[in-house]
Amino acid sequence: MKTTIISAMMLIAFICTAQKKNGTVYIEHPAIDAVNQFVAASVAGDRSKMASYLTNDFKAYNGTTDRLSDKGRDKEAFLDNQMIYHDRLDYYAIEPFPGSYPDAIEYKKDNPNDEVWVQRWDMLKGVDKETGVKIDAASHRLYTLTKDQKIKRLIFYNNGSVIDEIRSSFADRTNGKLYNHHENINTVRKLMYAIENDDWDKAYGFYAGDARFIDSSSPEFKSISLEEQKILDKQILDKFEVASIDIVGYPDYLHYEMGDARVVQSWWNINFVRKSDKKAITVPIHYQMYFDEDGKITSETAYYNPKLLD
């Protein structure tokens, strides 16, 4: 028993020793107010007011950089960068990330000047005036403030992909090739006319075994498997006969450089006859079919009005 008591006391002492506080976290603090006012000035494009919140030796750092020698942006370079957002974006806004709020942290250790860290989680929003690219991206910023509420350091974490898209949109760029004759187009034609001739085994043979199917009328564009699609096809064929299929215009095959995607777009009129009353019904339909390197269809999206089959 004595041994047990001593062991318990030692464990309690270890826990108490292991848990040490290194400051205080605030939900309300003058430093938070200063950062909020700085952000408001940034959105308003008020350069002089922004500058008034920064120390003369202010530095801003990209928290995701892989350059250990990065010396950061000085005050003027940072202000220039902030004005680019204001000047280039329509509907510019910086809003709190849903469910978040700023924190102010006063550290005790290694903080001889009583500096305060403020952290914010934001949504950066706007539409680039020249390219029309929409920004709706999350951003995280860490501010270090002096005890007189001046910002001396900023570390920012942003998703740079949307900025890359804006830069890429300044000039016309190609993204692959567009074909009006191609083996994948031939496959789509053979598929559609196999359906017209009730040769469903041949039609299904053009798909990869793991192909996915999306119906434009399905909730949230939910995809289904080939076996599930076969069940839906049978349900339609129980009520309708495919009398004929007419091509509208001509299919396009697009081989994209980005993502190496292979897509055939095609437009058709499927002429059904309803079995119950022999009524003729024409359903215009648009297909987007994705292909793999072997010429098999891996994904199909069908756009049509399902009310025509009610």
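Among the protein heavy atoms, those of ARG47 account for about 80 Å² of accessible surface (1.4 Å probe, every chain in place).
Neighbours of LYS129, meaning other residues whose beta-carbon lies under 10 angstrom from its beta-carbon, give a summed charge of -3 when Lys and Arg score +1 and Asp and Glu score -1. When the charge dipole of the chain is built from unit charges on Cβ atoms (+1 for Lys and Arg, -1 for Asp and Glu) and taken about the Cα centre, the candidate among MET289, ALA40, ILE231 whose Cα reaches farthest toward its positive end is ALA40.
Quick one: pull the percent of accessible area on the chain belonging to carbon and sulfur, 1.4 Å probe, ligands and nucleic acids left out.
Working: 10070 of 19120 Å².
Answer for the chain is 53 percent, counting heavy atoms of protein chains only.
Loop-resident GluC sites (Glu not before Pro) (DSSP state other than H, G, I, E or B) in region 208-310 with no more than 11 further Cβ atoms inside 10 Å of their Cβ: GLU257, GLU293. Given the alternatives (1) 17.5; (2) 18.3; (3) 29.4, mean projected area of the Cα convex hull in nm² as computed for this entry is given by (3). Averaged over its residues, the chain has an accessible area of 62 Å² per residue, based on protein heavy atoms and a 1.4 Å probe.
Sum -39500 (n - 2.57) across every DSSP H segment of at least 4 residues in the chain, then divide by the residue count to get the 222 nm mean residue ellipticity, nearest 500.
On the way: 8 runs with 93 residues, N = 310.
The helix-only estimate for the chain comes to -9000 deg cm²/dmol at 222 nm.
Put a plus charge on the Cβ of each Lys and Arg, a minus charge on the Cβ of each Asp and Glu, and nothing anywhere else: the dipole of the chain about its Cα centre is then about 1060 debye. Compared with the alpha-carbon gap, the fully stretched path from THR64 to THR282 is longer by 72.9 nm at 0.36 nm per residue. In this calculation the C-beta distance from THR131 to ASP292 is compared with R0 = 35 Å, giving a FRET efficiency of 0.60.
The values are calculated or read from the model by the stated rules, or taken from the named source; none is laboratory data. Note that the coordinates shown come from a computational prediction; the quantities given were computed from them, not determined experimentally. We place every Cβ from the backbone using ideal geometry, glycine too, and count neighbours over all the protein chains shown. Keep in mind that these areas ignore ligands, DNA and RNA; they rest on the heavy atoms of the full protein, side chains included. Shrake-Rupley method; radii C 1.70, N 1.55, O 1.52, S 1.80 Å.
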